[in-house]
Amino acid sequence: MNRNLLTRYLSLLVLYWAAPFGKCELQNITDLEIQKKIEDFINNVYLPESKVTGFGLSIIQNNGEVVYGTGFGFADQEKGIPNGNQTQFLIASVTKSLTAAIVAKSLHEKFPELGEKVLDTPVRKLAPNYNFTLIDRFRSEYVTFRDMLAHRVCVENSDLTLIVESYDKSSDLAYRQRYATEQCGFRTKYNYNNQMYVVVGEIIEEITGVPYEELVNDFLIQAGMLNSSMASKDDDFSTMPHRAKPYYVKDNVSHPINTELVKRVVVYNAAGGLFATPIDMAKYMTLFLNSGKIGDNQVIPAEVMKWLIKPSIHIPLQFFKGKEDDNVIANYAYGLGLLISSYDSWQYINHDGYFTSYSSRMSLFPTLKLGIFSSSQSVSEVGILPLHMFITEILRGTENATEKVMKVIEHEKKFRNIVLTNNKQALQNFLGRNETTNIVESDEEIVGKYGSAIGGDLEVLEKFNEARNATALYVSYGKWSKGWLEQVGNTSTYKITWGTDIFQDFYALGDTSDSVVTISNGTFAFLQPQGGTMIPWTSFRLGVDISKLPTTSWDSDSCVSETKSKSKDE
């Protein structure tokens, strides 16, 4: 759920490290001395270095028989309500593993005769009454639940619709996925896609006849996660004292984020909308360490749990190796809603998530019978991985854990600063370029309604701007992307002065640079920095409307993308 490379930094880690190979018999988290080492590190090292305002933490050992849960900072700074093990945090994309578990469990119950093959059976066969359509005929007929849950459909991921809240219903977003363009060959690459999880939520509703949110609630009850819930449009943080409020930091001062921004995730609930407490996440982690059981309750069949952590697509190997005697942590595959990695030769199952300043991570070591979960309510400058590494190494008895993890923290801070600096430089270079070859249109030519097959509807208007005491251009897209447009010189580039609290998103990421768009030849494009340059994020065309778009991009006798004249209303 990302704006630029900085967000990618939060969700796809580039730095990995592990201590030298050691013993697998862990020290016990119930040992007060061990707890003190962890809490001292958090209070004296992690919080000052990361500048996180508060977070929740849970650790489990021995199939969930040993549980440690706590909180740091305040759930509500203004009211002085502290974080604790019963504070709800948005776990963001860690929710994907829960969606995958619910889907796999539901499919197993609905089609028991298929076994694991149900994941590799085309969606169109499992849900023949659901209008499942993607960019080409082949994908439409052969995409499976494994393809969508393992991010191997390889079509366009447009999180701008999430950020601006351009859709009110997940069904509308799911319908638009038929227009998502191909990004790579089907099943050839790992291509992260939040929208496919929204589609999964819609399809499992069709198959089970039960709304996705109700499936989640049933699952939470079965797992004993009674203090967790999905995000809702009716949420009122002022009456929810045990829900952690999000914050952003500006000039070293913490400010509360408009909690209405959090509700944007509701349409994307299947991809990242679960609020969970540290203690409830301890129960959730137990399912993975105890073959789907919590106590004597078999919540998910043991064989289904194996499906979730089975490699379904390889990912480019990423790691950092320090000295010659250091081993590495390396992500090498993706299962169903979970990354599959190696940590110092031990199997390491993990996933992280970020949205509206909440940042979460779940780390599972099945062989070591260890699980770690943490979630903060403000973005960390160093990420969550170093904290999980320190806890793991302390439990393993590593004597110089602090020294080793500090190297990782220093590296991550440098990397974050490089990303921010490169993003700002890319914007400065773009704004300072010579654009004499571009056609610059008049305000009258720019005004109008624009549309994007995947992104929705956008409008450019002329309104009176009191601050300028003159008529000016104004963009309105979704609920949150609204603001005044200021032309940069005599070019097709415009800066946006936001009229909503969406700017808080960018401050939460440490990105205080201007937001820019280009408007030329009937195309309105939001730009974002990537690879040291500014590239179009999502583009909109003047006069494009969903009712005029073809319902499919291919002919009935073709497997390639072709234009078809049939409209949605025909």
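A few remarks follow.
- Hydrodynamic radius of region 110-210 by the Kirkwood approach over all distinct alpha-carbon pairs: 13.9 Å.
- Of all accessible heavy-atom area on the chain, the percent that carbon and sulfur account for (1.4 Å): 49
- Distance violations [Cα-Cα > 27 Å] among 37/413; 369/404; 263/369: 263/369
- Tensor-based shape of region 144-287 (alpha-carbon gyration tensor, a/c under 1.5 rounded, otherwise prolate or oblate): oblate
- As computed over region 275-413, the Cα convex hull volume per residue (Å³): 127
- Each stretch of four or more DSSP H residues adds -39500 (n - 2.57); spread over every residue of the chain, this sum gives -8500 deg cm²/dmol at 222 nm.
- Pairs of lysine residues in region 82-176 that meet both criteria, 8 or more places apart or on different chains and Cα atoms under 20 Å apart, total 6.
- Accessible surface, per residue, of the chain when the full set of protein chains is kept, probe 1.4 Å, Å²: 39
- Set the Cα radius of gyration of region 195-266 against 2.2 N^0.38 Å, with N its number of residues, and you get 1.42.
- Inter-probe distance in nm under a simple model that places probes 7 Å from Cα toward Cβ, at residue 252 and residue 445: 5.0
- Taking a ≥ b ≥ c as the square roots of the eigenvalues of the alpha-carbon gyration tensor, region 341-447 is classed prolate because a/c is 1.5 or more and a/b outweighs b/c.
- In the set [x] 25.9; [y] 24.7; [z] 27.3, the label that goes with Kirkwood radius over Cα pairs in Å computed for this structure is [y].
- Positive-end residue, the chain charge dipole about Cα centroid, Cβ charges, pick of 469, 158, 314: 314
- Prolate/oblate/rounded label for region 387-533 (Cα gyration tensor, a/c 1.5): prolate
- Lysine pairs in region 418-548 with Cα atoms under 21 Å, if 8 or more residues apart or on separate chains: 11
The values are calculated or read from the model by the stated rules, or taken from the named source; none is laboratory data. Everything quoted here is computed from the prediction, not taken from an experiment. Cβ coordinates were reconstructed from backbone atoms using ideal geometry, including for glycine residues, and neighbour counts include every protein chain displayed. Protein only, heavy atoms only, side chains kept; ligands, DNA and RNA dropped before computing areas. Shrake-Rupley method; radii C 1.70, N 1.55, O 1.52, S 1.80 Å.
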